[in-house]
Amino acid sequence: MLAAALAAQIAAFTGTPVTLDARLAPPECRTAPTIVWIPPGRGAVSVTCTSPGWKLFVPVMGTAPVPTAPAVRRGDLVAVVAGGPGFRVSVAAVVDADAAPGARVRLRNRVTGERLQGEIRDGGEIWLAGL
């Protein structure tokens, strides 16, 4: 896929013109690339092509952040969840900073003091980042 065509698709998704580095030469995407906000509506998008398999992160300037109320606030006691097929575990943690729905949040294990990072998912659940 040519960088100019990719920039046009990103601009159509974001509603804001983007300029990609002219040296960027991603392989032709045989499927429609998936474009999503990261974190949602906050100034950057992820562009993923499943065939041949590549991913780009593109800053989007000039977009106004979507104001959202924090899902959690600094000092909140929360349960951080991790799991897989057939199991689910959680641990109590303290939130280190306010975070909006869909964002990553820094946490501290209430018992051990270990630093964690979680993702606030739909419904307000916080999952251990990367799982």
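The values are calculated or read from the model by the stated rules, or taken from the named source; none is laboratory data. Values in this document were obtained by computation on a predicted structure and should not be read as measured data. All Cβ positions, even for glycine, are placed from backbone atoms using ideal geometry, and neighbour counts span all protein chains on display. Each accessible area value is taken on the protein alone, full model and side chains, heavy atoms only, with ligands, DNA and RNA left out. Shrake-Rupley method; radii C 1.70, N 1.55, O 1.52, S 1.80 Å.
Side notes on the structure shown:
- Members of region 3-51 that are part of a loop (DSSP other than H, G, I, E, B), open to solvent by 30 Å² or more (accessible area, probe 1.4 Å) and within 30 Å of Ala71 (Cα to Cα): Gly15, Ile38, Pro39, Pro40, Arg42
- Beta carbons closer than 7 Å, at least 6 apart along the sequence or on distinct chains, pair a first residue in region 84-98 that is of a type in the set (D, E, K, R) with a second that is not in a strand (DSSP E or B) for Asp96/Arg74; Asp98/Pro70; Asp98/Arg73; Asp98/Arg74.
Yes or no, residue by residue, for (1) surrounded by fewer than 16 Cβ atoms within 10 Å (Cβ to Cβ); (2) modelled with pLDDT of 85 or more; (3) over 22 Å from Asp21 (Cα atoms):
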residue	(1), (2), (3)
Ala64	yes, no, yes
Arg74	yes, yes, yes
Phe87	yes, yes, yes
Ala93	no, yes, yes
Asp98	yes, yes, yes
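- Considering residues of region 100-131 that are small (Gly, Ala, Ser) and modelled with pLDDT of 90 or more only, the residue surrounded by the fewest Cβ atoms within 10 Å (Cβ to Cβ): Gly113
- Any hit, region 6-22, residues being closer than 28 Å to Gly124 by Cα, modelled with pLDDT of 85 or more and of a type in the set (Val, Ile, Thr): no
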